[in-house]
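Peer 1: Got a structure here, written out as structure tokens. Questions coming.
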Amino acid sequence: MDLFNFDPRMVISFYLTLFRISVVLFVMPFFGDNIPAVVKATLLIVLTLAVWPKLSFPPEYFPAHPASLVAMFAGEIVLGMTLGIIVRMLIAAVQIGGAIINFQMGFSMVNAVDPMTGQQEPVTTHFIYMCTMLTFLTLNGHLNLLRALGSSFELVPPGGLFLTPTLMSEIMLFSKQMFILGVRIAAPVILALFLVDLALALISKMAPQMNVMTMGFPLKIMVGFMFLTFIMQQMSDYVTNFIQSMDMVFLHIMKIGVIKP
């Protein structure tokens, strides 16, 4: 008599679902960053138990050879990194824009220590980064990440995503857009501070006795912070457009990365 109704096929299917969620969840931003290990493990178990009855892999996908198991796990890592790098492109673009603004405002030597990571980063970069994170979470961007995770069960078999040339070209295209977006974020502040420098140069030419260095430094800070508040609406529009197109981008990435037999 089987008291527990033990079925090895169900256990293998549960392990496959656990592999997919664990690797993708730990690599994705907002879930795998700066979260205690106990919270990560709890979230992993809860999500696996939640999606396993509806989204699971047949036990036939489980490899019989240890080498195939390693290859499958490597493919899952590629999937998690591919999905995570798309979101990190937005974060990197914001950090690039913040670094440019920080340099233009004269804050190159002013850094803040992130209490979560212990690393130093420019003040304006950290400020814009935190605003972007809050906007992303407010607009339910993290739920879009979980939706993409659920779609991966239908589109990508265990270990089925590969770094194909088409996939690599798409990632390089996203990296190009990252630099463009960073410059677009910093463009209003760059233009305003350029006009301030131009005005200070004309003042120093017309009145050499004035110490424009003493007057220019606080003036650039004031103008920089004033225009920094103006780009918050622009930042929210960028994040909103990114979240609206996230589902299509994830589906496109997963489709072109799977090699069909």
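The values are calculated or read from the model by the stated rules, or taken from the named source; none is laboratory data. Note that the structure is a prediction, hence the values are computed from the model and not measured. Please note: Cβ atoms are built from the backbone with ideal geometry, for glycine as well, and neighbour counts cover all protein chains shown.
Peer 1: Going by the structure shown, is Ala64 farther than 30 Å from Ile180 by Cα, modelled with pLDDT under 80 and assigned to a loop (DSSP other than H, G, I, E, B)?
Peer 2: Yes.
Peer 1: Return yes when Ile203 is surrounded by 13 or more Cβ atoms within 10 Å (Cβ to Cβ) and more than 30 Å from the chain's Cα centre (by Cα) and no when it is not.
Peer 2: So Ile203 fits the description; yes.
Peer 1: Now, a different point. So which pairs qualify, if the first residue must be in the stretch 146-173 and among the acidic types (Asp, Glu), the second must be in a helix (DSSP H, G or I), the Cβ gap must be under 7 Å, and the two must be at least 6 apart or on different chains?
Peer 2: Taking only residues 6 or more apart or on different chains, the pairs are Glu170/Ile253; Glu170/Ile256.
Peer 1: Any chance the stretch 161-172 includes a residue that's part of a helix (DSSP H, G or I), under 18 Å from Ala93 (Cβ atoms) and over 14 Å from the mean Cα position of the chain (by Cα)?
Peer 2: There is at least one residue in the stretch 161-172 that is part of a helix (DSSP H, G or I), under 18 Å from Ala93 (Cβ atoms) and over 14 Å from the mean Cα position of the chain (by Cα).
Peer 1: Report the residue count in the stretch 32-54 for those that are at pLDDT 75 or above, more than 19 Å from Ile77 (Cβ to Cβ) and either among the small types (Gly, Ala, Ser) or in a loop (DSSP other than H, G, I, E, B) (or both).
Peer 2: Going through the stretch 32-54 one residue at a time, the tally reaches 4.
Peer 1: Oh, and also: Could we say that Ile231 is closer than 30 Å to Thr48 by Cα and either at pLDDT 80 or above or assigned to a helix (DSSP H, G or I) (or both) here?
Peer 2: No, not satisfied.
Peer 1: Restricting attention to the stretch 53-68, which residues are surrounded by 15 or more Cβ atoms within 10 Å (Cβ to Cβ), closer than 16 Å to Pro8 by Cα and among the hydrophobic types (A, V, I, L, M, F, W, C)?
Peer 2: Within the stretch 53-68, Phe57, Phe62 qualify.
Peer 1: Okay, next question. Take the residues in the stretch 91-149 that are in a loop (DSSP other than H, G, I, E, B) and of a type in the set (A, V, I, L, M), then tell me which one is modelled with the lowest pLDDT.
Peer 2: Only one residue tops the list, namely Met116.
Peer 1: Further question on the same structure: Suppose we filter the stretch 146-174 for residues that are over 22 Å from Ser22 (Cβ atoms) and surrounded by fewer than 14 Cβ atoms within 10 Å (Cβ to Cβ); how many remain?
Peer 2: Count: 7.
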